[in-house]
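What follows is a short report on a single structure.
Computed from the coordinates by the stated procedures, all read-outs in this text should not be read as laboratory data. This structure is a prediction, so every number in the text was calculated from the model and none was measured. FYI the Cβ positions are ideal-geometry reconstructions off the backbone, even for glycines, and counts take in every protein chain you see.
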Amino acid sequence: MNLLERYLQAIGQYLPPSTRQDTLAELRANLLSQMDDRAEELNRPLTDAEVADILRAHGKPEQVALRYLPQRSLIGPTIFPFYLFTLRRALPLVLLIYTIVRASTILFVDTGNIAHSILQAVLQLPFTLLIFWAVVTIVFSVFEYGHFTRHSCTPEKPWDPTSLPTFTPTANKERSFAAKIVDLTLHCVWFLYVLAVPHNLFLIMGPGVFYLNSIAAGYAPVWHTFYTLLIVLLSVQLIIKIAALRPGPQPWKAPLEILVKLLSIAGAAILVHAKTYFTPTGIALNAHTADVINQSLNLSFKILLFVLVITLIVDLWKLIRPSIATERLAF
Amino acid sequence: MTNPLDLDTPEPQLFDSLRLELRRGCLIVAVLAQLRAEHYGYTLRKALADEGLAIEESTLYPLLRRLETQGLLTSQWREEDKRNKRFYRLSEQGETTLTLLLAEWNAINDSLHKILNHPKGE
């Protein structure tokens, strides 16, 4: 029976001292009875291997001990819905504040590589979210502890069902086919318009093209890169709009729209990073005027980049939000 | 009779989880009902298994402790066959609770039968 004692000793390591002896004595009695029965069946004493089989079937010591311990939860079922509600409500706010702070730093403080600063901000986001989650969890754990230890016996306040907010049906209707056709047509027109731009800059710059010609301003190479990316972006959008003509659920649409947003951000980041958009090609444009134009455009592109990043974060949140809601329902 | 576990279910893990959930409440009723007569852990497990309701030791023994803490069972250490054993029995509170649980169980059972006996789609 050395094996049994060793098994019980291993279980005892995980049990609280107050109930250890009692629990082990009961387990010993039950296991010995089981072994007696088995020996009676076999009509001989059990071998060590057979004892080991019984103990193995009974379970690992730590798992057996765990079942004797009271069930504990950091945040109990009373507080948990409020905890989840707080996390869900506060998360967009945290993301917004983080984006504003980081974007302001990138726009007005950082003087280095803009793409590097954005990458750094994105990489640091999970850590910020982790801290946010940890702080909320600690606050609610303390609240739970206080709630639990108070043993408050005050009855729950009666609630009035008539005070519930009015029912507003969610508008989740699919767009009509006609609306999709109009959308596709407008996109095609826009695409053709953009394709025509290299042949006639007036289409994009209007009378400004005459002004640029008059001051002898040349276009920087960044516009070629940007234009290529813009064509890719419009092509992806065209594919999405054609595929969207098909009725029924379109689970691929949201991720592809995120891809479009990412391409837009890449385009804006390229423009921000370039810093030089027009260069003097003659004596009519002096270096100072070119600098002023370039700096103004750079600021505009930084604002555009900021807006696009915010839009992406909002879209990502909308994309992941339904899955979070489902998990919440599972509780 | 076909064992449902032998069926090629599309998601056996899901079935196991649902089965476990379904069994959990039933086991408590079964244990309370069986303990209208005195038992110690091992004989209780055997008695339940004989009735077709096998429970793992690691589930049953802690459950007995928990039910005792909740006041539904009483226990007593006593010597039997030259060995000290802890015998459990349904307490007064346990009897009342068992009566209520059985009423609930019967109501659920009746409702379920009615639902299952409806023709499909009605």
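Roughly how many nanometres apart are two label points built 7 Å out from the Cα toward the Cβ at residue B:37 and residue B:53?
1.5 nm
At each listed q (0.13, 0.18 Å⁻¹), what is the log10 of I(q)/I(0) that the Debye formula gives for the stretch A:220-291 modelled as equal alpha-carbon point scatterers?
These q points yield log10 I(q)/I(0) values of -0.54, -0.76.
Would you tell me the mean number of C-beta atoms belonging to other protein chains that fall within 10 Å of each C-beta in B:36-44, as a whole number? Present the calculation step by step, with values, prior to reporting the outcome.
Working: counts 0, 0, 0, 0, 4, 7, 10, 3, 1.
For peptide B:36-44, the averaged partner shielding equals 3.
With no solvent and one equal point scatterer placed on each C-alpha of chain B, evaluate the Debye formula and give log10 I(q)/I(0) for q = 0.12, 0.19, 0.20, 0.23 Å⁻¹, two decimals.
-0.58, -1.12, -1.19, -1.37
Evaluate the Kirkwood expression for the hydrodynamic radius of the stretch A:1-88, namely the inverse of the mean inverse distance over all pairs of different C-alpha atoms, and round to one decimal in Å.
Over the stretch A:1-88, the inverse of the mean reciprocal pair distance is 15.4 Å.
Can you tell me, using C-alpha contacts under 8 Å and at least 6 residues apart, the relative contact order of the stretch B:12-80 as a whole percent?
Relative contact order here is 20 percent.
With +1 on each Lys and Arg Cβ and -1 on each Asp and Glu Cβ, and nothing else charged, work out how big the dipole of the stretch A:11-108 is about its Cα centre, in Debye to the nearest 20.
Dipole of the stretch A:11-108, to the nearest 20 debye: 1000 debye.
Starting from 0.36 nm per residue, how many nanometres of slack lie between residue A:213 and residue A:188 once their C-alpha separation is accounted for?
6.0 nm
Name the GluC sites (Glu not before Pro) in the stretch A:23-76 that are in a loop by DSSP and that have at most 12 other C-beta atoms within 10 Å, would you?
Numbers: sites: A:26, A:40, A:41, A:50, A:62; in loops: none.
Of the GluC sites (Glu not before Pro), not one in the loops of the stretch A:23-76 has a Cβ with at most 12 other Cβ atoms within 10 Å.
Nearest 10 degrees, 0 to 90: what angle lies between the long axis of helix B:12-34 and the longest principal axis of chain B (Cα atoms)?
40 degrees
Can you tell me how much longer the chain between residue A:74 and residue A:86 gets when fully stretched, taken as 0.36 nm per residue apart minus their C-alpha distance, in nm with one decimal?
2.7 nm
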